[in-house]
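No lab work stands behind these numbers, since they all come straight from the coordinates. Everything numeric here is computed off the predicted structure, so don't read it as measured data. No Cβ is skipped: glycine too gets one built from the backbone with ideal geometry, and neighbour counts run over all protein chains shown.
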Amino acid sequence: MNVIKRNGDVVEFDSSKITKAIEKANNKVENRFRLHMLPRDIARELSNDIGKRESISVEEIQDLVEKKLYEVGASFELIKEYVTYRYRRSLERDKYNAFISGIKEKLQAKNVKNQNANVDEHSFSGRYGEATNYMTKEIALTTRLSPMARNNHLGNMIYIHDLDHYELGDHNCLTIPFDDLLKNGFEIRQTDIRTARSVDTAFQLLAVIFQLQSLNQFGGVSSGHLDHTMVPYVRISFYKHFKDGLEFVEEVDKTDVIWTKICDSLSVDDEIYKSHKKAYNYATRMTLKEIRQAVEGMFHNLNSLQSRAGGQLPFTSINYGTCTNTEGRWIIKNLLEVNIEGIGKNKRTPIFPCSIFQCMKGVNRHPGDPNYDMFRLALKSTASRLYPNYVNCDWSGNAGYDINDPKTYMSTMGKCKCSPFKTF
């Protein structure tokens, strides 16, 4: 005899399942309410009653079990327990079916919402990621949260941020120590990366590090003071271009004392450089060209390098605006100008990185401040391209920073105020 299951599948009749169901109900009640017959004998009788049928549904079998329990004189308490067991099993099946239905909806992209600008829910990995998120969220709701927290979340009385990552326990949002990583190099699983030896390489590694870190966490990644971070690498590039200027523009002999006086840590404004005007002008022109290309490359990389199995762009943020060195000002100016210009053949507004201009008294807030022109350029960028956003380093909640240490300045993650230093 065949049994038609609720999902339409057809299986062979198995009386042992009836026996187990009756035994579970029998074991739940007190001794004085238990059966006087063995559950397997009841199942055998029931099997004989329905054995002549060609097929039967699961629901019909359960109805016949209830009827048989009445016929053999089972107690009210035992029958109630069996009915309750049947109801619980029905709820579990309904919940399971709803769970599978929810996962299938994500896998088949039937109800695409694209809730996050950097996630393509139509892509293969996007669908896979959404299905995974649905599953881990359900696990958190059913196994990790207290009934009160679960009901409050589902009832919109509270909202548990990133609930789909609750079970994993991974962290959300951080500011990456680019100063150390670019200076000392770093290791990843497959290889190791050397110290950056030019501003172009530094910006390329910036995009690589952003992507690598985003693969190992949830949420955004940020640079806390990109203008200050890039100063050493602007100097290295300037030094290389200046040497080319000496050799090929001014044709200075390698025995000249100037070769022994220059090094890659000198400020681009050092008088030693300025003593050779043609080489200095050449180095300035070539360094600015390299910075522009490096910044453009970073914008294009961060808007095209997919992370998390190809389903999402890294949510990246960069903070800048306070470096008053010539090198830092070159970085700020190019970051803003590239943002204003837009990227790609259609000159689109770049989604990433989310730029944050750090406002600071005595630095860029008022006419006469050394970076006031950068602040005005930032306002132009915001008016035309949405970014940068702004953070007030002098707000009372951010007091106590060291003016000589940009690592202590207030920095944020996009429009939310996430920072390992100070937070709103």
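Points to keep in mind about this one:
- When only alpha carbons are used to place a centre, segment 389-414 and segment 44-90 end up 71 Å from one another.
- Relative exposure of C323, C263, C359, judged by other C-beta atoms within 10 Å (fewest first): C263, C359, C323
- Shape of segment 58-197, Cα gyration tensor, a/c cut at 1.5: prolate
- Global form of segment 169-232, assessed from the alpha-carbon gyration tensor, a/c cut-off 1.5: oblate
- Once both labels are positioned 7 Å from their Cα atoms along Cα-to-Cβ, the gap between R285 and D170 label points is 4.8 nm.
- Segment 219-268: trypsin sites (Lys or Arg not before Pro) falling in loop per DSSP and having at most 13 other Cβ within 10 Å: K254
- For K113, the lysines whose Cα falls under 27 Å of its own Cα, not counting residues fewer than eight places away in the same chain, are K95, K104, K137, K347, K415, K417.
- Among L141, L226, L313, the residue with the largest mean-square fluctuation in a Gaussian network model of the chain, with springs joining Cα atoms closer than 10 Å, is L141.
- Label-to-label distance, N27 versus D369, with points set 7 angstrom from Cα along the beta-carbon direction: 7.4 nm.
- Calculated Kirkwood radius over Cα pairs in Å (choose from [x] 27.1; [y] 21.8; [z] 22.7), label: [x]
- Protection proxy ranking, highest mean first, for peptides 1-9, 280-288: 280-288, 1-9, where packing is the per-residue count of other beta-carbon atoms within 10 Å, averaged.
- Distance from segment 173-231 to segment 6-27 (C-alpha centre basis), Å: 59
- Working from the Cα coordinates of segment 2-100, the gyration tensor eigenvalues give, after taking √(5λ), semi-axes of 23, 19, 10 Å in decreasing order.
- Calculated log₁₀ intensity ratio I(q)/I(0) where the Debye formula runs over C-alpha points of segment 284-413, q = 0.18, 0.22 Å⁻¹: -1.02, -1.35
- Mean residue ellipticity (222 nm) of the chain, computed from DSSP H runs ≥ 4 via -39,500 (n - 2.57), nearest 500: -15000 deg cm²/dmol
- Qualifying chymotrypsin sites (Phe, Trp or Tyr not before Pro) for segment 86-190 [loop in DSSP, other Cβ within 10 Å: at most 11]: Y159
- Value of relative contact order over the chain, rounded to a whole percent, pairs C-alpha under 8 Å and six or more apart: 12
- Full-stretch length increase - H161, M135 - with 0.36 nm per residue and alpha-carbon distance subtracted: 7.8 nm
- Site pair N392 and D264 shows an inter-label distance of 4.2 nm when each label is modelled 7 Å from Cα along Cα→Cβ.
- The GluC sites (Glu not before Pro) of segment 1-95 that meet both conditions, a loop assignment by DSSP and at most 13 other Cβ atoms within 10 Å of the site Cβ, are E30, E54.
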